[in-house]
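Following: one structure in structure tokens, then a few remarks.
The values are calculated or read from the model by the stated rules, or taken from the named source; none is laboratory data. Bear in mind the structure is a predicted one, so any value in this text is a computation, not a measurement. Note that each Cβ is placed from the backbone with ideal geometry, even for glycine, and that neighbours are counted across all protein chains shown. Just so you know, the surface numbers come from the protein's heavy atoms only, side chains and all, with ligands and any DNA or RNA stripped out. Shrake-Rupley method; radii C 1.70, N 1.55, O 1.52, S 1.80 Å.
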Amino acid sequence: MKEAISIAHPNFALVKYWGKNDTEENQPAMSSVSVTIDSLISKTKISEKSSSKYLKWSLNGREQNDLSRILPTINYLSNLYGTENNIQIESSNNFPTAAGLASSASGIASLVTAFERYYDLHLTMEEKIKACILGSGSAPRSLLGGFVLMNHLDHFRCSQILERSEWHLNILVCITSNDEKNISSRDAMEISRKTSPNYEEWLDINSLHIKQAIRYIKAKDLLGLGKVAEENCDFMHKVINSSVPSITYKNRMTEMCIETVKQLRDRGHQLFYTVDAGPQVKIICEQKTSKIIKDAILRQAIVPQIIDASIGMPPQSL
Ligand code: PMV
């Protein structure tokens, strides 16, 4: 039976996008910079369908009745290449889904990669980016490994700032809750765009943060990058909180982890935090101090689980 299996990794934004300039096309209103994460994996298997349904999709073993998260991507690609799509798509993640760990980005990037392989297409980078964006505004960044810039002023072109092998960093993913978020980032960022009094300022600060982050990544300056990334993260959460109605993704454990990161930095360690649309705290640190930092957080019993990760690679077909 014909089948294709591909994997992709999520990416965590260091300069984040929050807000769309086109909701139909799902296009971000700003540029972003991210790092791809290695030990978190989304896997997509596409095979000939065995039931009479035109398209079947399961996520983590559960058949999905609502295909709206994957259909724009599938429809775009099949309109381009005339594929018929009598297929079964099985997606799974080895980490909590829809919990602020960018599972939609890696899920969509692995879907596009598996679709290309299944139909033996030779997609251009522009086509892959468009296909990814239709599913998740941050997914194109998962098409590359290492540190990635997605430029909204250049058709969302993604470029690598540094290869994974060029800077040996670790990422500690502090899982404060496995629950799915109560509002999707797609819905929440629309509310922010329409109601937050801080949204205009958030748009204005983007190009400065992008420039600073690129400079610090190229210079491998962890403290410099941390300063920009934390400022950017705090600003995004201010925009989210100041939306009407107010939205909150962080919980008490999130705040405690952030406090611990600051204390460890005051003691001379090089590390910084970032938090996306969910309560998990991602700590970026030097490989040599990763164990000390992990032990310090576990000792204070702040979080029940920490996933160890390093910088990841682009998607792969198995
Ligand atoms: O990929 P989306 O459209 O679900 O949005 C992701 C938004 C953030 O993760 C909060 C920020 C980002 O740039 O990844």
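Here are some notes:
- Shown here: region 77-223, whose C-alpha atoms stretch 49, 37, 31 Å along the first, second and third principal axes, sorted largest to smallest.
- D (Stokes-Einstein, µm²/s), Kirkwood Cα radius, region 116-198, 0.890 mPa s at 25 °C: 155
- Taken over the Cα atoms of region 199-267, the convex hull encloses 84 Å³ per residue.
- Diffusion coefficient, µm² s⁻¹, Stokes-Einstein with Kirkwood Rh over alpha-carbon pairs of region 25-136 at 37 °C and 0.692 mPa s: 224
- From its DSSP helices (H runs of at least four residues, each -39,500 (n - 2.57)), the chain gives a residue-normalised ellipticity at 222 nm of -11500 deg cm²/dmol.
- Packing-based ranking, highest mean first, of 134-143, 112-121, 192-201 given that Cβ atoms within 10 Å are counted: 134-143, 112-121, 192-201
- Across region 126-142, computed HN-Hα scalar couplings (Karplus, 6.51 cos²θ - 1.76 cosθ + 1.60, θ = phi - 60°) run 4, 5, 5, 4, 4, 4, 5, 4, 4, x, 7, x, 9, 5, x, 5, 6 Hz from first to last residue, x flagging Gly and Pro.
- Values of log10 I(q)/I(0), in the order q = 0.14 Å⁻¹, for the chain under a Debye, Cα-only, solvent-free model: -1.06
- Of all accessible heavy-atom area on the chain, the percent that carbon and sulfur account for (1.4 Å): 47
- Candidates GLY268, GLY107, GLY145, ranked by Gaussian network fluctuation over the chain, Cα under 10 Å, top entry: GLY268
- Length available on full extension from ASN79 to GLU286: 0.36 nm per residue minus the Cα-Cα distance, which gives 70.0 nm.
- Debye-formula intensities of region 1-75, expressed as log10 I(q)/I(0) at q = 0.26 Å⁻¹, are -1.24 (one equal scatterer per alpha-carbon, no solvent).
- Phi angles across region 266-273 convert, under the Karplus curve 6.51 cos²θ - 1.76 cosθ + 1.60 with θ = phi - 60°, into 3J(HN,Hα) values of 4, 7, x, 7, 9, 6, 8, 10 Hz, Gly and Pro given as x.
- Dipole magnitude (debye, nearest 20) for the chain, charges at Cβ of Lys, Arg, Asp, Glu: 580
- Most to least packed among 173-183, 35-45 [average Cβ atoms within 10 Å]: 35-45, 173-183
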